[in-house]
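**Q** Quick one: the structure is below, and I'll ask about it shortly.
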Amino acid sequence: MNRINAVFKSKKESILNIYFTAGHPKLDSLLEIIPALEEAGTDIIEIGMPYSDPLADGETIQASSEIALKNGMELNLLFKQITKLRQTNKIPLILMGYYNQVLQYGVDKFLKDAASAGIDGLIIPDLPMQEYETQLKEKFIKNNLGISFLVTPQTSDTRIKKAAALSSAFLYIISSSSITGTTSNIADGQITYYNKVRSLISNTPSLIGFGIHNSSSFKKASLYADGAIIGSAFIRHLEGKKNLRSACKEFVQSILS
Amino acid sequence: MNRINAVFKSKKESILNIYFTAGHPKLDSLLEIIPALEEAGTDIIEIGMPYSDPLADGETIQASSEIALKNGMELNLLFKQITKLRQTNKIPLILMGYYNQVLQYGVDKFLKDAASAGIDGLIIPDLPMQEYETQLKEKFIKNNLGISFLVTPQTSDTRIKKAAALSSAFLYIISSSSITGTTSNIADGQITYYNKVRSLISNTPSLIGFGIHNSSSFKKASLYADGAIIGSAFIRHLEGKKNLRSACKEFVQSILS
Amino acid sequence: MRDKYSVDDNGYYGKFGGAYVPEMLHHNISELQEKYLSITHSNKFKKDFSQLLKDYVGRPSPLFFANNLSQKYNAKIYLKREDLNHTGSHKINNTIGQILLAKELNKKRIIAETGAGQHGVATATVCALMDLECIVYMGAIDIERQAANVSRMKMLGAEVRPALSGSKTLKDATNEAIRDWINHPKDTHYIIGSVVGPHPYPDMVARFQSVISEEMQYQLEEQTGRNFPDFILACVGGGSNAAGAFFHFLENESVQFYLAEAAGKGIDSGHSAATSILGSEGIIHGAKTLLMQTDDGQIIEPYSISAGLDYPGIGPLHAHLIDQKRATVFPVTDTQALNSALMLTRTEGIIPALETAHAFSILDVMDVEPDSVVVVNVSGRGDKDLPTYKNHFNF
Amino acid sequence: MRDKYSVDDNGYYGKFGGAYVPEMLHHNISELQEKYLSITHSNKFKKDFSQLLKDYVGRPSPLFFANNLSQKYNAKIYLKREDLNHTGSHKINNTIGQILLAKELNKKRIIAETGAGQHGVATATVCALMDLECIVYMGAIDIERQAANVSRMKMLGAEVRPALSGSKTLKDATNEAIRDWINHPKDTHYIIGSVVGPHPYPDMVARFQSVISEEMQYQLEEQTGRNFPDFILACVGGGSNAAGAFFHFLENESVQFYLAEAAGKGIDSGHSAATSILGSEGIIHGAKTLLMQTDDGQIIEPYSISAGLDYPGIGPLHAHLIDQKRATVFPVTDTQALNSALMLTRTEGIIPALETAHAFSILDVMDVEPDSVVVVNVSGRGDKDLPTYKNHFNF
Ligand SMILES: Cc1ncc(COP(=O)(O)O)c(C=O)c1O
Ligand SMILES: Cc1ncc(COP(=O)(O)O)c(C=O)c1O
């Protein structure tokens, strides 16, 4: 069983998924950040593959990607870092990136290398469900890789069902229609939306993401899904921190406390 | 008999007509310049009425007009200055200016005031011959004022004849087609032109103007007409001179010597 | 019966017009007087002219029903889109005509004056097209305030000579062009840019521009069912765009002509170009017309923020129309014109030239009925005036 | 039989195209996919579209037989004059279409990206006309080098937001526009300015631009007796002007398509936007196409002196045409383009946009017969590029 599925099996609520960008703030920061996050009680880690044109991402993630690329982050290196990390760490790891990165690397090679480095799942926001279903699904299964599709308040009911059915990792529920990095609070309209999603997807695991930035928003989101994903707020927290390990610990504690 | 006609009657060659702008370099310089020119041997004096837009004139006369207007020269004042001058001087005086000046002053009043101030003739480059003939000729005669029309190398034979016939003062032969102030030498083509004009106008008095600027060009021009007109070269000569009287004398001597 | 508003055989519109030129220009002017009608009426000329207007200039220019403006002013407002012509204004209609004429007259060298630079650009353009030397005179102040058009002229291969005398604007550029023509009596044609100057220029330019009203007739017929409007609004510098827009309606007295002239900082400010109000009969640039002058006949230096309207005279046709009360003149200040430019831009998505903007200010003061058909002649586009707009509105 | 070069039902041209968008855009994109054909095929739309193209844009744009160019290059050269359109380029054809569509979809807010500023101006213009809010994203570098168009957009009432990421040019402005759309999923329509982006944009924009080749057919028939040319030359940034010029000739293989892409400082200089030569298959802005990228799939920052061609991708239609050898691409350097701009200006009196100038450089290298009919698509006028021309040529 895939490590992600295992988490959702064993833990039924308030699953904390933290996102950060590989290669940021330093080229090999990942090697410090992941163990620290794991240790502090993070349930799943989403590693952003830095991209030149991250068009679903807000300023924080854009900036971290730019720095990561300047630092020299590349997929080959990323896979090496993860392989190394996997010698000691067991936390579920998800890669998040854009479809063009996968295509250029070569789909088959990418899935194989990711899996053998120890990756458990992928999030590719601009991969159409249809293309996944007809061309990639088999390959994901073969490599024991999960996938998460996104739904938004604009997604139709049928499409939510389809996204849930295809999401072998978990369904990624976007809090509101926006790019990453916003920090608005959960509004009434959203609750209706969350409830609707929940009613449509029966028992597909789900996490809420986009805009979750502190303990209260994490807890609120966790009321309507199995947990939530924090990205930009975490990256902002690392800014200027000398000791990444303690910063990670600090952050996770602040969320979970 | 008009003083201009008298000059041409009494003197058959090398008639020297000098032009300058009223009100330049000083508002009342005219009162010094005219006596000095007369004394030095000038035969006719052409007084430019400074105009804001002297479009047949070159830079020298434009600049002198601008200064004269800034000095405050106006037609009323000009007529007063001439009236005063006429108490002691007898040299033929011609006013040169643009038709709009005459029209605004009022044609009848202009001719009357000019004549009673002691003016002998007018040159109005943009007055059409036809308009003169049908509307103004009678009035000129009544006021005993002469007029000079211009001919150029482009003027047709019939038109040269007509200009000569209407020019009760003298025919103004423009040396080459140009605005005032050029200083080119007389070329072969021009000689043919001068000879042609002479043959067409029988014994109408004539002066050559435009580009005459020193003794040699004056003498050369005087071979093909009864004399010549000097304007820009004289104005340039006055430039910066403290003593206008001696400058005038000097200039006329240099031409006649 | 003679038309009341056409030029007569001597080049006069009523008491205005004529050809008051020094003898040095007589030959060229009378050559034009004698030949302009026979040349422009020849089949070859007509064919070349209308083909270039179509394929090169982009005519017909549209007659656009301006829905938003119509609602705002509660009338049926149509815009005659001369701004869409090649080079961006009505000026090219005339330069196409004159360059064909110049070729017919075998001239090798073209001179022009320009204010806003639109006529200069239009002249430089046809000279590039016909491979003729081109010299454009432009007031030193206009060279500064219409810099984009200076670049265009130079790129087109024209020489731009600054006029440094007087107010260093259009009047002075015209003086310099005339002086150049005097100095080049044989090989040069002077392409005047408006319905000013000695006969036959006012009539000739009006005829070349008359394509505007010619098109308007059938465009109005198509769009309103009647081939004439109730009102035509145009700005007037010398008056060529207005003349072109009025031409075919001159004798139809149901069409009212509204002219916008530049009131600069205000009629009584001493800084304006409101010729019809402040002017009197006189001669400027070879024509008897209305002009701003002192009691002594000195021409008064005009002022307008709009280089193309910054002229102390007006074409003799317009002097006659005003004298006969056939046309009504509205003085429009710099500020009013700027505001109208912004208004038109925001209302219809059309950035007009500053000159053109003056015409739109009339809409704020005129009386209309809901079914009045009003045509505003959009004489040019505002690209050249962007720096002025930007400064004024603080974009 | 299906056309070889049209989009298929899934939004692909051969292997290129599709809609690779994040879920946040799925609703808007699929709304467009479902409705664009039915809306644009409705009689009301067709009537409004063609009337605005005629009366507001000034269509048909002329097809001008360029006599001087024809002599110079020894062929029959015709110029399709999109530079004469309102706002000065072909871009307005598309924005008119999209704004009508946006109204039909009941959108209240319009966003756009722009490179040279022509598409931004065209969008701001139709928004002023339709009274809709307008936000234009523009690379910070482009804001500097196309300052005139920035003033125009602001005067038209649009907000111009600088894109500060990446190379601060068109690609980055497009990213920002997409992010804005993600953030405004309900009330906003994104008017893309070229045949790029997710399906249905490439096909939709190509259809709106296809009026260019539609007119060319009958204009060629009139002028040459045959309703198609031997060659069509166009510059390609995303490829909308080229798509419009090719559209009705796509399946007629006697017509050869020549594309000019920006080679910047030279193909091997590391400073170019020569996508077809330096690019490979990948995804950019939601479409699978050719783009310039690293082995790791990072998009390479392009360079061209011409802001409108400074883009690392190309529309999927063109990727397909190139892949199928239906179109030939010529790389044109900055210097070649600048020289062609001056050449055209001096030869025909037409100052082209820098983008357009690239297309004319093809004339210097292509093979023609004296009776070859060559149409060059004059996609825009050069007013916006005057400062560049002035600096380069030292006017
Ligand atoms: C756009 C535009 N409109 C109007 C004018 C004024 O000229 P006219 O009165 O001859 O139409 C100019 C002159 O430059 C102009 O550029
Ligand atoms: C005049 C002009 N031509 C061409 C282009 C390139 O766009 P496309 O390749 O979509 O025609 C632009 C873009 O700004 C432009 O302004």
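**Q** Can you tell me how many residues in region C:98-112 are within 14 Å of ligand 1 (Cβ to nearest atom) and either in contact with an Asp or Glu (Cβ under 7 Å, 6 or more places away or on another chain) or assigned to a helix (DSSP H, G or I) (or both)?
**A** The qualifying residues number 1.
**Q** Just to verify a result, which residue in region A:50-65, among those that are within 9 Å of another protein chain (Cβ to nearest Cβ) and hydrophobic (A, V, I, L, M, F, W, C), is farthest from D:G286 (Cα to Cα)?
**A** A:A63
**Q** For region A:10-32, how many residues are under 11 Å from A:Q81 (Cβ atoms) and surrounded by 23 or more Cβ atoms within 10 Å (Cβ to Cβ)?
**A** Total meeting the criteria: 3.
**Q** For D:Q118, state whether it is within 16 Å of ligand 2 (Cβ to nearest atom) and not basic (K, R).
**A** Yes, satisfied.
**Q** Can we say D:D334 is without any contact (Cβ under 8 Å) to a residue 12 or more places away in the chain and either within 27 Å of D:G279 (Cβ to Cβ) or assigned by TED's automatic domain parsing to the domain that holds D:K171 (or both)?
**A** No: the conditions fail for D:D334.
**Q** Then there is this: Just give me the residues in region C:155-179 being over 19 Å from the mean Cα position of the chain (by Cα) and β-branched (V, I, T), in sequence order.
**A** C:V160
**Q** State all residues of region C:200-240 that are within 11 Å of ligand 1 (Cβ to nearest atom), under 13 Å from C:L79 (Cα atoms) and assigned to a helix (DSSP H, G or I); if no residue qualifies, say none.
**A** Result: C:I212, single match.
**Q** From C:R109, C:R145, C:R152, grab the single residue that is within 14 Å of chain D (Cβ to nearest Cβ) and basic (K, R).
**A** Of the residues listed, the single one that is within 14 Å of chain D (Cβ to nearest Cβ) and basic (K, R) is C:R152.
**Q** Hey, could you check region D:337-354 for residues that are more than 16 Å from ligand 2 (Cβ to nearest atom) and touching a residue at least 60 places away in the same chain (Cβ under 8 Å) and say which is surrounded by the most Cβ atoms within 10 Å (Cβ to Cβ)?
**A** D:E348
**Q** Residue check, C:L52 against (1) on the phi < 0 side of the Ramachandran plot; (2) surrounded by fewer than 21 Cβ atoms within 10 Å (Cβ to Cβ); (3) touching a helix residue (DSSP H, G or I) at 6+ places or on another chain (Cβ under 6 Å), all met but one. Which one?
**A** C:L52 satisfies all of (1) on the phi < 0 side of the Ramachandran plot; (2) surrounded by fewer than 21 Cβ atoms within 10 Å (Cβ to Cβ); (3) touching a helix residue (DSSP H, G or I) at 6+ places or on another chain (Cβ under 6 Å) except (2).
**Q** For region D:216-224, indicate whether the set of residues that are within 14 Å of chain A (Cβ to nearest Cβ) and of a type in the set (V, I, T) is non-empty.
**A** Among the residues of region D:216-224, not one is within 14 Å of chain A (Cβ to nearest Cβ) and of a type in the set (V, I, T), which makes the answer no.
**Q** Where the second residue is more than 12 Å from ligand 1 (Cβ to nearest atom) and among the small types (G, A, S) and the first is closer than 13 Å to C:L338 by Cα and lies in region C:355-372, which pairs have Cβ atoms under 7 Å and are six or more apart or on separate chains?
**A** Pairs found: C:A357/C:S340; C:F360/C:S340; C:S361/C:S340.
**Q** Just the residues that are within 11 Å of C:S379 (Cβ to Cβ) and in contact with a Gly (Cβ under 8 Å, 6 or more places away or on another chain), please, taken from region C:244-271.
**A** Residues satisfying the conditions do not exist here.
**Q** Can you tell me which residue is farthest from D:G270 (Cα to Cα) among those in region D:164-199 that are more than 11 Å from every other protein chain (Cβ to nearest Cβ), away from ligand 2 (no atom under 15 Å from the Cβ) and in contact (Cβ under 8 Å) with a residue 40 or more places away in the chain?
**A** Within region D:164-199, the match that is farthest from D:G270 (Cα to Cα) is D:D187.
**Q** So which residues in region C:80-96 are part of a helix (DSSP H, G or I) and either within 14 Å of ligand 1 (Cβ to nearest atom) or hydroxyl-bearing (S, T, Y) (or both), if there are any at all?
**A** Listed by number, the residues that qualify are C:E82, C:D83, C:L84, C:H86, C:T87, C:G88, C:K91, C:I92, C:N93, C:N94, C:T95.
**Q** Scan region C:257-281 for residues that are under 29 Å from B:L77 (Cα atoms) and more than 11 Å from chain B (Cβ to nearest Cβ) and report the count.
**A** The qualifying residues number 10.
**Q** Of all residues in region C:113-133 being more than 10 Å from every other protein chain (Cβ to nearest Cβ) and away from ligand 1 (no atom under 16 Å from the Cβ), which is surrounded by the fewest Cβ atoms within 10 Å (Cβ to Cβ)?
**A** Going through the qualifying residues, I end up with C:E133.
**Q** Only one of (1) away from chain D (no Cβ under 13 Å); (2) in contact (Cβ under 8 Å) with a residue 12 or more places away in the chain fails for A:Q87. Which number is that?
**A** (2) is the only condition that A:Q87 fails.
**Q** Being touching a Leu at 6+ places or on another chain (Cβ under 9 Å), buried (at least 21 other Cβ atoms within 10 Å of the Cβ), more than 28 Å from D:I178 (Cα to Cα) and at pLDDT 95 or above is the requirement here; does A:I45 meet it?
**A** Judged against the criteria, A:I45 is not a match.
**Q** When the residues of region D:56-68 are narrowed to those that are crowded, with 24+ Cβ neighbours inside 10 Å and assigned to a helix (DSSP H, G or I), which ends up farthest from the other protein chains (Cβ to nearest Cβ)?
**A** My answer is D:V57.
**Q** Same structure, new question: Is at least one residue of region A:94-103 surrounded by fewer than 23 Cβ atoms within 10 Å (Cβ to Cβ), at positive phi, within 13 Å of another protein chain (Cβ to nearest Cβ) and out of contact with any Ser or Thr (no Cβ under 7 Å at 6 or more places or on another chain)?
**A** Among the residues of region A:94-103, not one is surrounded by fewer than 23 Cβ atoms within 10 Å (Cβ to Cβ), at positive phi, within 13 Å of another protein chain (Cβ to nearest Cβ) and out of contact with any Ser or Thr (no Cβ under 7 Å at 6 or more places or on another chain), which makes the answer no.
**Q** Would you confirm, using the coordinates I've provided, whether D:N252 is modelled with pLDDT of 95 or more, on the phi < 0 side of the Ramachandran plot and surrounded by fewer than 22 Cβ atoms within 10 Å (Cβ to Cβ)?
**A** It is true that D:N252 is modelled with pLDDT of 95 or more, on the phi < 0 side of the Ramachandran plot and surrounded by fewer than 22 Cβ atoms within 10 Å (Cβ to Cβ).
**Q** Right, here's the next one. In region C:356-387, which residue that is within 13 Å of ligand 1 (Cβ to nearest atom) and under 15 Å from C:D334 (Cβ atoms) is surrounded by the most Cβ atoms within 10 Å (Cβ to Cβ)?
**A** Filtering region C:356-387 for residues that are within 13 Å of ligand 1 (Cβ to nearest atom) and under 15 Å from C:D334 (Cβ atoms), the one surrounded by the most Cβ atoms within 10 Å (Cβ to Cβ) comes out as C:H358.
**Q** Is at least one residue of region C:256-279 assigned to a helix (DSSP H, G or I) and within 13 Å of ligand 1 (Cβ to nearest atom)?
**A** Yes, region C:256-279 contains a residue that is assigned to a helix (DSSP H, G or I) and within 13 Å of ligand 1 (Cβ to nearest atom).
**Q** Is it the case that C:R152 is among the charged types (D, E, K, R), surrounded by 24 or more Cβ atoms within 10 Å (Cβ to Cβ) and modelled with pLDDT of 95 or more?
**A** yes
**Q** Continuing with this model, one more query. Looking at C:I182, C:I212, can you tell me which residue is more than 19 Å from the chain's Cα centre (by Cα) and surrounded by 24 or more Cβ atoms within 10 Å (Cβ to Cβ)?
**A** Step by step, each of C:I182, C:I212 is checked, and only C:I182 is more than 19 Å from the chain's Cα centre (by Cα) and surrounded by 24 or more Cβ atoms within 10 Å (Cβ to Cβ).
The values are calculated or read from the model by the stated rules, or taken from the named source; none is laboratory data. A quick note: this is a predicted structure, and the numbers were derived from the prediction, not measured. Using ideal geometry, Cβ is built from the backbone for each residue, glycine included, and neighbour counts are taken over all protein chains shown.
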